[in-house]
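Trainee: Pasting a structure here, questions to come.
The values are calculated or read from the model by the stated rules, or taken from the named source; none is laboratory data. Since we're looking at a predicted model, the values are computed, not measured. When we count neighbours, we look across all protein chains shown, and the Cβ atoms used for this are built from the backbone with ideal geometry, even at glycine. Quick note on the areas: whole protein, heavy atoms, side chains included, nothing else; ligands and nucleic acids left out. Shrake-Rupley method; radii C 1.70, N 1.55, O 1.52, S 1.80 Å.
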Amino acid sequence: MNSPVTTARANVNLALVKYWGKRDTALNLPAAGSISLTLDGLSVEARVGFDGGAADRVEIDGAPASDGEGARVRSFLEVVRAESGRREHAAVSTRSTVPRGVGLASSAAAFAALALAGSRAAGMELDPGALSALARRGSGSAARSIFGGFVEWHRGERADGRDSIARPVVGPGHWDLRVVAAVTSSVPKAVSSRDGMARAARSPLYPAWIAAVEADLAEARAAIIARDLETLGLVAEHSALTMHAVGLAARPPLLYWRGPTVECLHRVWELRAAGVPAFASIDAGPQVKVLCEPGDAERVAAALRDVPGVERVLVCAPGTGAEVVA
Ligand code: DP6
């Protein structure tokens, strides 16, 4: 049986309380919860059709996927087949609106779009929670990109992961903030988040990091509800810096930062000292993302553009959740 080819789009998200550690690698279950903001304008569109070819075919931005990327998408298709009962191979193509070579490409947007397009193409109508659990199997952070705005991915308690899903923290349009992203290096990173997390789990600081996340989540949740940027920004900055501190203490050490990453951090702190509420976050790479009020975004962008080594600055508003586009 052939089912309709489906195309879905999802946006990237910025974790304000980071996911950095797993309790189950096979099911991709997190060691702790996390909270993010979905961002507008940085999205991936995925087209999936179970057309029954001789093998799964995966194309990314118009070219055949690399071995690593292809294998990851194929193992995700195995999950979709197992859940839907479909057996056919699929043709998959993804297209990203994230400017190429800026190091902001995200598996979160890709696997959220693939979960929605893949499940529909396989004939499944999943509710948002089940869709989030499916996206999680491709990439943990993708569980959050199913939803727009502020989103919490709950750790869950069950061994089968069914309760490890994301949910919106507040309704759409609750709080209009900006994320200003400074691209400090477009060189592909040497250590993926997946490998980085595995290394971080062997750091002597890892148990303290996991133990502290619950308090960060409670503080971030309350700050989002109260629209308290100072509290949210400080907890987000703290979460990011602690996550990177765990890696620094690992053997071998894990450091994603480049020189301009550190300079951007200092620039953000100077802005704060000058009265601009701006707060930094850094993911598994050298780029710096800064949370601020919409009215301060241009000033923050100008300050970051001025840092030697910054290649490009992007300003993002809150974005919507994953949607079917065709
Ligand atoms: C630093 O979701 O990419 O961005 O589940 O192994 O695919 P896998 O990892 P991934 O890790 C994201 C790590 C992070 C923090 C975050 O998004 O919460």
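Trainee: List the pair-distance distribution P(r) of region 251-310, using every Cα-Cα distance, as the percent of pairs falling in each 10 Å bin from 0 up to the bin containing the longest distance, rounded to whole percents.
Mentor: 23, 53, 19, 5, 0
Trainee: Follow-up. Treating the beta-carbon of each Lys and Arg as +1 and of each Asp and Glu as -1, no other charges, what is the dipole magnitude of region 259-326 about its Cα centre, to the nearest 20 debye? Please report the intermediate quantities before stating the final value.
Mentor: Values: 6 positive and 9 negative charges, 19 e Å.
With only Lys, Arg, Asp and Glu charged at Cβ, the dipole is about 100 debye.
Trainee: Leaving out ligands, DNA and RNA, what percent of the accessible area of region 209-307 is carbon and sulfur, probe 1.4 Å? Don't skip to the end; give the middle numbers.
Mentor: Working: 2330 of 4170 Å².
The C+S portion of the solvent-accessible surface of region 209-307 is 56 percent.
Trainee: What shape does region 213-326 have by the C-alpha gyration tensor, where a ≥ b ≥ c are the square roots of the eigenvalues, rounded means a/c under 1.5, and otherwise prolate means a/b greater than b/c and oblate the rest?
Mentor: Working: a/c = 1.26, a/b = 1.08, b/c = 1.17.
Judged from the Cα gyration tensor, region 213-326 comes out rounded (a/c under 1.5).
Trainee: Roll a 1.4 Å probe over the protein chains and send me the accessible area per residue for region 275-326 in Å². Intermediate values should be presented prior to the final figure.
Mentor: Details: 2000 Å² over 52 residues.
About 38 Å² of surface per residue is accessible.
Trainee: Here's something else I'd like to know. Tilt of helix 128-138 relative to the longest C-alpha principal axis of the chain, in degrees (0 to 90, nearest 10)?
Mentor: 90 degrees
Trainee: How large is ³J(HN,Hα) for each residue in region 223-230, as worked out from phi by the Karplus curve 6.51 cos²θ - 1.76 cosθ + 1.60 (θ = phi - 60°), to whole Hz, x for Gly and Pro?
Mentor: 5, 5, 4, 7, 6, 9, 5, 4
Trainee: For region 149-294, count the residues as N, evaluate 2.2 N^0.38 Å, and divide the Cα radius of gyration by that value, please.
Mentor: Relative to the rule-of-thumb radius for its length, region 149-294 sits at 1.11.
Trainee: On each of the three principal axes of the Cα atoms of region 164-219, give max minus min coordinate, whole Å, ordered largest first.
Mentor: Extents along the principal axes, in whole Å: 38, 33, 20.
Trainee: Tell me, what is the per residue accessible area of region 78-220 in Å², probe radius 1.4 Å?
Mentor: On the way: 6060 Å² over 143 residues.
The answer is 42 Å² per residue.
Trainee: For the chain, find the longest principal axis of its Cα atoms and tell me its angle to the long axis of helix 107-121, 0 to 90°, nearest 10.
Mentor: So the inclination is approximately 30 degrees.
Trainee: Calculate what fraction, in whole %, of the accessible area of region 1-155 sits on carbon and sulfur atoms when a 1.4 Å probe is rolled over the protein chains.
Mentor: Working: 2800 of 5660 Å².
Ligands and nucleic acids excluded, carbon and sulfur reach 49 percent.
Trainee: Next question. Helix 259-273 versus the longest principal axis of the chain: what angle, 0 to 90°, nearest 10, using Cα atoms?
Mentor: 60 degrees
Trainee: Treating only the Cβ of Lys, Arg, Asp and Glu as charged (+1, +1, -1, -1), what charge dipole size does the chain show about its Cα centre? Round to the nearest 20 debye. Write down the numbers at each step before the final one.
Mentor: On the way: 36 positive and 35 negative charges, 137 e Å.
Once rounded to the nearest 20, the dipole reads 660 debye.
Trainee: Evaluated at 20 °C with a viscosity of 1.002 mPa s, what Stokes-Einstein diffusion coefficient in µm²/s does region 1-85 have when Rh comes from the Kirkwood expression over alpha-carbon pairs?
Mentor: Values: Rh = 15.5 Å.
The Stokes-Einstein estimate is 138 µm²/s.
Trainee: Okay, helix-only estimate at 222 nm for the chain: each DSSP H run of n ≥ 4 adds -39500 (n - 2.57), divide by all residues, round to 500 deg cm²/dmol; what do you get? Provide the component values of the computation, followed by the final result.
Mentor: On the way: 9 runs with 121 residues, N = 326.
The helix contribution divided over the chain gives -12000 deg cm²/dmol.
Trainee: Right, another one. Using only the Cα atoms, what convex hull volume per residue in Å³ does the chain have?
Mentor: Working: hull volume 40.1 nm³, N = 326.
Spread over its residues, the Cα hull of the chain gives 123 Å³ apiece.
Trainee: Continuing with this model, one more query. For region 49-197, would you read off the P(r) tail past 23 Å as a percentage of all alpha carbon pairs?
Mentor: Values: 4549 of 11026 pairs.
It works out to 41 percent of all Cα pairs.
Trainee: Express in nm, to one decimal, how much length is gained between ALA55 and ARG299 on full extension, taking 0.36 nm for each residue of separation and deducting their alpha carbon distance. Intermediate results must be reported in sequence, preceding the final value.
Mentor: Details: separation 244, 0.36 × 244 = 87.84 nm, distance 5.08 nm.
Full-extension gain reported as 82.8 nm.
Trainee: Continuing with the same structure: Tell me, what HN-Hα J-couplings in whole Hz come from the Karplus equation 6.51 cos²θ - 1.76 cosθ + 1.60 at θ = phi - 60° for each residue of region 293-304, using x for Gly and Pro?
Mentor: Ordered by residue, 3J(HN,Hα) equals 5, x, x, 9, 4, 5, 5, 5, 4, 5, 5, 6 Hz.
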